[in-house]
Amino acid sequence: MSDFELGLIGHPVEHSMSPAMHNAVFEGLGLDFRYGLFDLLENELEGFIEKAKDEMIGVNVTIPHKVNVIPFVDKLSREAELIGAVNTLKFEDGRVLGFNTDGLGCVKALDEAGFPVKGKNVLILGAGGAARAISFQAVLEGANVSLSNREEEKQMVLNLASELNEKTKSEVMVVDMVDETLARELSNTDVLVHATPVGMHPHEDGILISSELIPSEVAVMDIVYNPLETRLLREAKERGCPTISGVGMLVHQGVECEKIWLGIDPPVDVMKKIVIQALNQG
Ligand code: NAP
């Protein structure tokens with residue numbers, strides 16, 4: 001552990017892009033930090049964090065520990081508390097601080113692409129961990145959010161909408177995932193965010209909703225980043241929609257982590273280049 005100042009804890013972790021992305025920044029800026037991978041089971045978390053808080057600056061947290069680490073956190077950021085999950089820990093003066101930069105990463109990527117969500121109608125597809133983080137952050141940024149999830153698990157999306165409305169005093173609506181209702185919603189949508197694994201490698205033929213329902217004025221983001229251009233993005237582009245890949249979210253959540261850990265504003269382009277290179281190499 002003492003070989004690394006920063007790292008990722010989760011299970012499994014070996015396919016993560018985070019070491020390449022963060023280490024490239026440290027190398028480029030001449031910073032003497034190293035980012036490592038720590039494959040941990042749930043019963044190993046407490047011991048790891050106890051030791052890490054004296055030896056490391058911080059860590060990222062991934063599946064399946066984003067909720068499991070919360071009992072070991074002394075203070076949660078507003079976002080992490082609302083979302084109910086942590087993707088970043090910072091160790092400071094013997095204390096453990098918990099943050100969630102996933103939603104912010106998505107919002108910053110949309111900003112960068114020219115689609116700030118403030119005051120916009122944003123439709124999010126999915127009701128899992130990523131959709132949860134994105135929907136809370138989008139509401140915090142002043143977006144009008146609607147959610148839609150596959151019909152067979154409707155209770156999850158209904159629960160998420162109630163929680164958002166209760167905790168943030170917003171008016172998040174749930175839209176049935178059927179063509180007619182989606183078409184109506186999409187005719188009044190500025191930004192569509194797809195936040196399910198559908199279309200991810202090796203199931204690249206997958207698409208959650210028919211692209212024919214999406215008007216050309218809607219900006220379409222797919223948070224799936226492997227492949228770089230999902231079927232949803234390809235078809236949306238063919239229809240004339242502006243499209244945003246999931247790489248932006250991945251990179252910007254990492255940018256926010258470096259701000260938290262080190263107080264630096266890392267070079268986004270370097271991080272993006274490294275991720276795209278790694279994805280192209282398969
Ligand atoms: P998750 O917690 O497992 O949630 C998955 C969501 O997708 C659930 O709403 C689930 O619906 C839905 N879903 C799963 N399989 C489906 C299918 N075959 N048809 C329709 N809906 C389906 O996963 P997550 O953590 O939210 O991640 C979702 C995706 O986002 C993953 O591909 C992940 O790699 C990607 N991601 C990207 C970034 C980034 O930085 N770009 C960050 C985080 C995640 P049910 O509730 O009905 O099961």
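Taken together, the values in this text are just the output of simple stated rules run on the coordinates, not laboratory data. Worth saying up front: this structure is predicted, and the values here are computed from it rather than measured. Cβ: placed from backbone, ideal geometry, glycine included. Neighbour counts: every protein chain shown.
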For the chain, what is the convex hull (Cα atoms) projected area averaged across all directions, in square nanometres? 14.3
Determine the relative contact order of the stretch 1-85: mean sequence separation of Cα pairs under 8 Å and six or more apart, normalised by residue count, in whole percent. 40
So how do Thr230, Thr168 line up by other beta-carbon neighbours within 10 Å, fewest first? Thr168, Thr230
Rank the residues Asp102, Asp190, Asp3 as a footprinting-exposure proxy: fewest other Cβ atoms within 10 Å of their Cβ go first. Asp3, Asp190, Asp102
Label Glu238 and Ile260 with points 7 Å out from Cα along Cα→Cβ: what is the distance between them in nm? 4.0
Counting only other residues whose beta carbon sits under 12 Å from that of Ile244, what net charge do I get with K and R as +1, D and E as -1? -2
Estimated FRET transfer efficiency when R0 is 22 angstrom, pair Lys75-Glu44 (beta carbons, to 0.05): 0.45
Once the other residues with Cβ under 15 Å from the Cβ of Phe33 are scored (Lys, Arg +1; Asp, Glu -1), what is the net sum? -3
Given 197-204, 263-270, the highest-first ranking by average Cβ count within 10 Å works out to 197-204, 263-270
Could you work out how far helix 18-29 tilts from the main Cα principal axis of the chain, as a 0 to 90 degree angle to the nearest 10? 60
Please tell me the relative contact order of the chain in percent, rounded to the nearest whole number, where contacts are Cα pairs under 8 Å and at least six residues apart. 16
Semi-axes, largest first, in whole Å: what does sqrt of 5 times each Cα gyration tensor eigenvalue give for the stretch 36-167? 29, 17, 12
Take the Cβ-Cβ distance between Glu229 and Asn188 as r, set R0 to 22 Å, and report the resulting FRET efficiency rounded to the nearest 0.05. 0.25
Under 1.5 on a/c is rounded, so check that first for the stretch 135-282, then, if it is not, pick prolate when a/b is larger than b/c and oblate when it is not; a ≥ b ≥ c are the square roots of the alpha carbon gyration tensor eigenvalues. oblate
Angle between the Cα long axis of helix 154-168 and the longest principal axis of the chain, 0 to 90 degrees, nearest 10? 70
Fewest Cβ neighbours within 10 Å first, please rank Met156, Met56 accordingly. Met156, Met56
